[in-house]
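Coordinate-derived values only; no laboratory data. Keep in mind it's a predicted model, so treat the numbers as computed, not measured. Cβ placement follows ideal geometry from the backbone for every residue including glycine, while neighbour counts extend to all protein chains displayed.
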Amino acid sequence: MTFSERERYIFHLAVLELMKESDEMPEIMFREVLGRVVKERCRHLSVEEQQEIVNDMGEEFIASKNVLDFIEDDIKRMVTGK
């Protein structure tokens, strides 16, 4: 099974965001690479669909915050033994 265009966009956007946030990629390069990915791998996604994906990802992150905090606390307890 292959990724849908939406899934490919999410994958590449997430990877590029991680690279940008770790200071491996300046904003201008991020935008250029994302634009080329869209052109080559997600060409049928409209700008509106791309924005909807970004909004959906933001909502999911906010909705998952409690779960992520719980997991982080569990990991800290395992590491520190407390």
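If the segment from Met19 to Asn55 were pulled out straight at 0.36 nm per residue, it would be longer than the present Cα-Cα gap by 11.0 nm. Cross-link partners for Lys39 among the aspartates and glutamates, with Cα-Cα distance under 20 Å and sequence neighbours closer than 8 places in the same chain left out: Glu5, Glu7, Glu17, Glu27, Glu48, Glu49, Glu52. Straightening the chain between Lys65 and Val79 buys 2.9 nm, computed as 0.36 nm per residue apart minus the Cα-Cα spacing.
The largest-to-smallest principal axis extents of the Cα set in segment 5-80 are 46, 26, 16 Å. Under the convention that each Lys and Arg Cβ holds +1 and each Asp and Glu Cβ holds -1, the size of the dipole of segment 43-82 around its Cα centre is about 380 debye.
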